[in-house]
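Q: Pasting in a structure now, in structure tokens, and then I'll have a few things to ask.
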Amino acid sequence: GRGYARKLAQHGMYTMGDIARCSIGKESEYLNEELLYKLFGVNAELLIDHAWGCETCTMHAIKHYQPSNHSFSSGQVLMSGYTFSKAKLVVKEMTEQLILDLVAKKMTTKQVGLYISYDVESLKDCELSVDIQTALDWYGREVPKPTNGTMNLSHHTSFSKEIMEAVERLFDKVVDTRLLVRKITIAFMSIISEEDAKKRIEATQLDLFAPPTAKAKVLNVDETKDHQLQQAILSIKRKYGKNKLLKGRDLEEGATAVERNNQIGGHKA
């Protein structure tokens, strides 16, 4: 990454060849293996192997790797800077699609994440730019510093109402209403299967005015109805096409769902 490159450059190393030569330097020389370990700790070993073209991880280990955590994510770069309200519309569309993906794969989530990057045009207001934290983008331009946040759900679920409300609250919390949004990424984390979710015993908040069993029963009925609705939506979209079943907001100005449904891998089909 750029941090490693910057640190290596401070010591006169700019290429993999420079790193390889440093790794075989004598103890009496400034550039030696010990310097790399001082700079990068145990990660120096990976850097040295990479410089010499060695891969310590075998194909067997790669094929049998099992990640401890799973996540679903969706991101898009908007065609122009979006205001707070227009960006929120797109976030709702993206969240709905991710929920459908969850249901289609019979998975559940317990944590949602939101990552927002802002448009460089946001800093054209001189008075506003003084009050905004900035960072450099990949093009070296000064832009408003990206914001992000996460929010936990009450339990593992694919219940669209609970997930959507959590994402909306998170959006209101992390997004600066004064700035133009340019890139949106939404992630569902702590993913487990529906079967595993049913087996888990989750702690619930007691209600002083209703028996816990009654409250849980109502929630279970709502989730079951919602799951059946999502399954019906998936069936229609699979049979007739993604754009054959839309919500009113998908036709509002600034909405991107219709266009994204016609894309393959983010490109026009």
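The values are calculated or read from the model by the stated rules, or taken from the named source; none is laboratory data. These numbers come from a predicted model, not from an experiment. Counting neighbours? That spans all protein chains shown, and the Cβs are built from the backbone with ideal geometry, glycine included.
Q: Of everything in the range 171-198, what is closer than 29 Å to V120 by Cβ and either buried (at least 20 other Cβ atoms within 10 Å of the Cβ) or outside the structural domain of F84 (by TED's automatic domain parsing) (or both)? Give them in sequence order.
A: F171, V175, L179, L180, V181, R182, I184, I186, listed by residue number.
Q: Among residues belonging to the range 51-86 that are under 16 Å from the mean Cα position of the chain (by Cα), surrounded by 10 or more Cβ atoms within 10 Å (Cβ to Cβ) and not in a strand (DSSP E or B), point out the one that is modelled with the lowest pLDDT.
A: H70
Q: Taking only pairs six or more apart or across chains, which ones have beta-carbon atoms under 6 Å, a first residue in the range 67-92 that is farther than 30 Å from K106 by Cβ, and a second residue that is assigned to a loop (DSSP other than H, G, I, E, B)?
A: Qualifying pairs under 6 Å: G81/D119; G81/L180; F84/T177; K86/G254.
Q: Out of A203, A210, A214, A232, which single residue is at pLDDT 90 or above and either over 19 Å from M94 (Cβ atoms) or loosely packed, with under 13 Cβ neighbours inside 10 Å (or both)?
A: Being at pLDDT 90 or above and either over 19 Å from M94 (Cβ atoms) or loosely packed, with under 13 Cβ neighbours inside 10 Å (or both) holds for just one of A203, A210, A214, A232, which is A232.
Q: Ok, one more. Can you tell me which condition T150 does not meet? The list is (1) assigned to a helix (DSSP H, G or I); (2) of a type in the set (S, T, N, Q); (3) at pLDDT 95 or above, and all the others hold.
A: (1)
Q: Right, here's the next one. Exactly one condition in (1) over 30 Å from A255 (Cβ atoms); (2) without any contact (Cβ under 8 Å) to a residue 40 or more places away in the chain; (3) surrounded by 10 or more Cβ atoms within 10 Å (Cβ to Cβ) is false for L47; which is it?
A: Exception for L47: condition (2).
Q: Within the bounds of the range 129-146, is there any residue that is at pLDDT 95 or above and hydrophobic (A, V, I, L, M, F, W, C)?
A: Within the range 129-146, not a single residue is at pLDDT 95 or above and hydrophobic (A, V, I, L, M, F, W, C).
Q: Then there's this: Return a yes/no flag: does the range 220-228 have any residue that is of a type outside the set (A, V, I, L, M), over 23 Å from E93 (Cα atoms) and at pLDDT below 85.
A: Looking for residues that are of a type outside the set (A, V, I, L, M), over 23 Å from E93 (Cα atoms) and at pLDDT below 85, one finds at least one in the range 220-228, hence yes.
Q: Could you tell me whether any residue of the range 147-155 is farther than 30 Å from K199 by Cα and not hydrophobic (A, V, I, L, M, F, W, C)?
A: Checked against the condition, which is being farther than 30 Å from K199 by Cα and not hydrophobic (A, V, I, L, M, F, W, C), the range 147-155 yields at least one hit.
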